[in-house]
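A quick write-up on the structure given underneath.
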Amino acid sequence: MTTDSLPSTARSEALFARARAVTPGGVNSPVRAFRSVGGTPRFIREAHGAHLTDADGTRYLDYIGSWGPMILGHDHPAVREAVASALAGGTSFGAPGEREVQLAEAVTHITGVDRVRFVNSGTEATMSALRLARGFTGRKYILKFRGNYHGHADGLLVEAGSGLMTNAEGALGQAAPSSAGVPQEYAALTLVSEYNDPAALDALMAGRGREIAAVIFEPVVGNAGVLIPTPEFLAALHRVRDHGALLIADEVMTGFRLSLNGATGLLGLTPDLTCWGKIIGGGLPVGAYGGRADVMDFVSPQGPVYQAGTLSGNPLAMAAGLATLEVLEASPALYGRLEAYTTALADGLRSAAREAGVPLSVNHIGSMLTAFHQDAPDGSIRTYADAARSDTAAFARWFQAMLGQGIYWAPSQFESIFVSGAHTDHDLNATLDAARAAYAGRGG
Ligand code: PLP
């Protein structure tokens, strides 16, 4: 495709100019601004199935899925009908309703946690789970892993991956904030270790374990690009409980995605607390945290750890989440189909890159995939430092070439893409045709 035949972006450009005048950077979440790939972010008018249509009327095959929630594809009929039916009964009550009970019953039934509390985002879920862990243990430090992102609460914006990912390397243990506005005193309560390094985790826990309230982790990392945990690292994670720390699985991205019971089910994890977001709200704003009754009963009004929300348990959001989980539960073959598509996508990308002599290393699991633009053997990228060696300029060129051919990949090297139940074999072939053209230096 030559530049002359590229679709117009005039309306997106005009909207972006208006947006920049009234919103910082023109967007309501940083990675949407295309800063790391350049060009004009597409302003999306509507989304159906596996496709987005932008303000200029151009249709794209979508691999972002709203950054994870849209596992069934956009505008799924069951979700649309559930939201419409809830809407007919009013949009917010500020008092409990049956849908909250139904979604809590579905989550406890699927995941095996005793209790769950709904909030409005993944950020609220992790922030609340950490406050709970501190209240339950009476300890003040938390431990996270470099390149893992757990939302934008102050104490979690430390070595936090994706939109914040730079090549800065701090010492393990104490770490610096990855955002202005986070006091060093807050960051000092967050210890940092290297993902997939069991010896470093064991050493930190041996030294500081009795001060640590919780270890929070992405069971499969999506926010440094996809990083898959080794069995040795998972075993070390489970050992943190020997020191009295709680183990918090942040399944905001992986929950209900890598299996019906998320990464927890797929990898045989036994966390004390789990955080969810994204899919649990079916495309509406929901987060949740849950776990053992003795821990969860520390949450107010049952216990002394305060946490509240004006719109928590919102009827529209509960309806969308419930409909999504019901479809997932009724479609046992879906996860196999998503994995088969993603594996074929990974294989196709590898061979397209190899034919063109482009260095590429693909990590994938379930319906999550990152194509790292670097010359590492497949599967060998395991840490933040490994991922950070990628050629972000080469990725940006490839991203633009794909977008020019109507394939909407995640606009950052350090993100996962998400395959949905709406992606078809035809979509797979179209993606691989576009990728071959892009690696060969054509296409946008
Ligand atoms: N935790 C993980 C693993 C995430 O990927 C994200 C968002 O991408 C969050 C937490 C924060 O969720 P939210 O953006 O809904 O606040």
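Among the residues of region 26-84, write down those that are on the phi < 0 side of the Ramachandran plot and of a type in the set (S, T, N, Q).
Asn28, Ser29, Ser36, Thr40, Thr53, Thr58
Restrict the check to region 308-327 and report whether at least one residue is of a type in the set (Val, Ile, Thr), away from the ligand (no atom under 16 Å from the Cβ), part of a loop (DSSP other than H, G, I, E, B) and under 25 Å from the mean Cα position of the chain (by Cα). Before the answer, list the steps.
Of all residues in region 308-327, those of a type in the set (Val, Ile, Thr) come to 310, 324, 327.
Those left that are additionally away from the ligand (no atom under 16 Å from the Cβ): 310, 327.
The next check asks that each one be part of a loop (DSSP other than H, G, I, E, B); those that pass are 310.
From what is left, the residues that are under 25 Å from the mean Cα position of the chain (by Cα) are 310.
Within region 308-327, one or more residues are of a type in the set (Val, Ile, Thr), away from the ligand (no atom under 16 Å from the Cβ), part of a loop (DSSP other than H, G, I, E, B) and under 25 Å from the mean Cα position of the chain (by Cα).
Filter region 184-224 down to the residues that are in contact with a helix residue (DSSP H, G or I) (Cβ under 6 Å, 6 or more places away or on another chain) and of a type in the set (Asp, Glu) and list them by number.
Glu194, Asp202
Of all residues in region 264-284, how many are away from the ligand (no atom under 12 Å from the Cβ), crowded, with 24+ Cβ neighbours inside 10 Å and part of a helix (DSSP H, G or I)?
Total meeting the criteria: 0.
Any idea which residue in region 112-124 is farthest from the ligand (Cβ to nearest atom), counting only those that are in a helix (DSSP H, G or I) and crowded, with 22+ Cβ neighbours inside 10 Å?
By that ranking, first place goes to Glu124.
Assuming Thr137 fulfils every condition listed in (1) crowded, with 21+ Cβ neighbours inside 10 Å; (2) modelled with pLDDT of 95 or more; (3) away from the ligand (no atom under 11 Å from the Cβ) apart from one, which condition is it?
It is condition (1) that Thr137 fails.
Which of the residues spanning region 228-257 are more than 12 Å from the ligand (Cβ to nearest atom) and either among the small types (Gly, Ala, Ser) or in contact with a Phe, Trp or Tyr (Cβ under 9 Å, 6 or more places away or on another chain) (or both)? Outline the logic, then answer.
First pass over region 228-257, keeping only residues more than 12 Å from the ligand (Cβ to nearest atom): 228-247, 256.
Across region 228-257, the qualifying residues are Pro229, Phe233, Ala235, Ala236, Leu237, Gly244, Ala245, Leu246, Leu247, Phe256.
Between residues in region 309-329 that are over 12 Å from His76 (Cβ atoms) and residues that are acidic (Asp, Glu), which pairs lie under 6 Å by C-beta distance while being six or more apart or on different chains?
Within 6 Å, the pairs are Gly313/Glu100; Met318/Glu100.
Of the conditions (1) in contact with a Phe, Trp or Tyr (Cβ under 9 Å, 6 or more places away or on another chain); (2) within 27 Å of Asn148 (Cα to Cα); (3) among the acidic types (Asp, Glu), Asp378 fails just one. Which one is it?
Status for Asp378: all satisfied but (1).
The values are calculated or read from the model by the stated rules, or taken from the named source; none is laboratory data. Note that the structure is a prediction, hence the values are computed from the model and not measured. Positions of Cβ are backbone-derived with ideal geometry, glycine not excepted, and every protein chain shown enters the neighbour counts.
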